[in-house]
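Notes to accompany the following structure.
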Amino acid sequence: MGIIVQKFGGTSVGSVEKIHHVANRVILEKEKGNDVIVVVSAMGKTTDELVRLAGEMTSRPEKREMDMLLTTGEQMSTSLLAMALQNRGYKSTSLTGWQAGIRTEPVFSNARITEVKTNRVESLLGEGRVIVVAGFQGMDENGEITTLGRGGSDTTAVALAAALNAERCDIYTDVDGVYSTDPRYVKGARKLNGISYDEMLELANLGAGVLHPRAVEFAKNYGIKLTVRSSMEEIEGTLIEEDAPMEEHLVVRGVAFDKGIVRMTVVGLENELTGFPAVFSILAENHIDVDIIIQSKLDTGKVNLSFSIKESSLEETLQILARNKEEIGYEEIEHETNLSKVSIVGSGMVSNPGVAAQMFRVLAEQNIQVKMVSTSEIKVSVVVDSHEMINAANAIHESFGLNKNTVEA
């Protein structure tokens, strides 16, 4: 048989009872004759509690110390699951991310994996052990503990699957697959039997929280068979692969939405030829992710440059731009908060003109103002006021015929 990588999220290991349930799922796979590697997140709300504790120490904790603190949550889950397996008579070893060979770039709080050294994991698998690995974490070239960002346990799992040439990687969550949109907020959301890597990557980048974007990148780059399935029920999940079959009449596959968006505007750039590269180079050097970009020419000959960022990066972005005002050459910085992004995704959009027009028409009918727009071959994103986000998502989802009572899943 082969190597199977399983990943269980925080809600799946949120209590002792749930950890025993996860152990049962692991044993079922082991009994089929497979080698099993399990990647786990921190139990339940442990990460949130650790963040709260840090906040009681200081309002601005250093990123290095936050990484040192937050990685303890996953370590607790790994050791408890290994104990549960050992208690059932199965040899098991828990490993931190760095013990499992996860090497990252030297960036705290949002590092990317650069290499996976598999020697130790392969040796333990050779002994017939179930390996339980702490997700979300690694070590850089300087020996510093780093984290991969929220949701980074998905990336740990797929990276291990790629490095070990695993048969497949199963992502177990508290939902039973990937849905056309978030069923907690949108009526008629339905589970998808399959979806392409590209579509899933767009949805993940645009706010669909079921999978981390970097995990999908790894799966696509290395051709890893990836499934999202329920940790509580034995039912079929959603298969993510290169060419998922199109469902009849469906041009749009899913609707994603994401709150906490900020529109930044660099007002009065004196020279767009030098100002544009300066803005984005400086932000990139400081690991600030920029999304939608819009420019507008002023009567004075100067240019306003607007772009969107996550609200969590607002304070840092303002400080960076202020420090580099002379190099960039601008008059002032403006920003607008309480915004959200709503997006449609579907590979069928490539050959079907009029999708964007339909989306804008639906928003106009709901009297929802569009503040920014971004498009690609398979997605259209708009930025709207946050209080309109759910209304917009529901209207768009229904307009494109994604409701479960409209099309059979």
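Residues whose amide H comes within less than 5 Å of that of K225, counting only those at least five positions distant or on another chain, are C169 (H built at 1.01 Å from N in the peptide plane).
Over the chain, the pair-distance histogram of Cα-Cα distances with 10 Å bins from zero comes to 5, 21, 28, 26, 16, 5, 1, 0 percent, rounded to whole numbers.
Note on the range 141-225: Kirkwood hydrodynamic radius from all Cα pairs is 13.9 Å, rounded to one decimal. As an equivalent ellipsoid, the range 280-348 spans semi-axes of 23, 17, 12 angstrom, where each value is the square root of five times an eigenvalue of the C-alpha gyration tensor, largest first.
A cut-off of 5 Å between modelled amide H atoms, ignoring neighbours fewer than 5 places along the same chain, links V380 with I344. Counting only alpha carbon atoms, the long axis of helix 355-365 and the longest principal axis of the chain meet at about 70°. Ligands, DNA and RNA are left out, and with a 1.4 angstrom probe the accessible area of the chain is 46 Å² per residue.
With θ taken as phi - 60° and the Karplus curve 6.51 cos²θ - 1.76 cosθ + 1.60 applied, the whole-hertz 3J(HN,Hα) list for the range 64-74 is 4, 5, 5, 5, 4, 6, 5, 5, 5, x, 5 Hz, x standing for glycine and proline.
For E331, neighbours were defined as the other residues whose beta-carbon sits under 11 Å from its Cβ, and their charges (Lys and Arg +1, Asp and Glu -1) total -1. Once backbone amide H atoms are built at 1.01 Å from N, G268 has V303, N304, L305, E331 as its partners under 5 Å, excluding neighbours fewer than 5 places away on the same chain. Only one residue of G126, G188, I171 has its Cα farthest out toward the positive end of the dipole of the chain, where Lys and Arg carry +1 and Asp and Glu -1 on Cβ, and that residue is G126.
Karplus-based coupling profile of the range 84-89, in residue order and whole Hz: 4, 5, 4, 5, 8, x, with θ = phi - 60° in 6.51 cos²θ - 1.76 cosθ + 1.60 and x standing for Gly or Pro.
For the chain, the Cβ-based charge dipole about the Cα centre amounts to some 920 debye (Lys, Arg positive; Asp, Glu negative; other atoms uncharged). When the pairs K259/K371; K18/K225; K297/K379; K187/K341; K310/K341; K7/K63 are compared against a 21 Å limit on Cα-Cα distance, K18/K225; K297/K379; K7/K63 fall above it. Here the range 249-397 exposes an accessible surface that is 47 percent carbon and sulfur, computed with a 1.4 Å probe and the other protein chains kept in place.
Expressed as a whole percent, the accessible surface of the range 4-114 that belongs to carbon and sulfur atoms is 53, based on a 1.4 Å probe.
Along the axis of the charge dipole computed for the range 110-234 (Cβ charges of +1 for Lys and Arg, -1 for Asp and Glu, origin at the Cα centre), the listed residues V158, A215, N205 are led at the positive end by N205. For the chain, averaging the sequence separation of C-alpha pairs within contact (under 8 Å, six or more residues apart) and dividing by the residue count gives a relative contact order of 14 percent.
The values are calculated or read from the model by the stated rules, or taken from the named source; none is laboratory data. Everything numeric in this text was worked out from a predicted model, so none of it was measured. Glycine gets a Cβ as well: all are built from the backbone with ideal geometry, and neighbour counts include every protein chain shown. Only protein heavy atoms, including side chains, enter the accessible area calculation; ligands, DNA and RNA are left aside. Shrake-Rupley method; radii C 1.70, N 1.55, O 1.52, S 1.80 Å.
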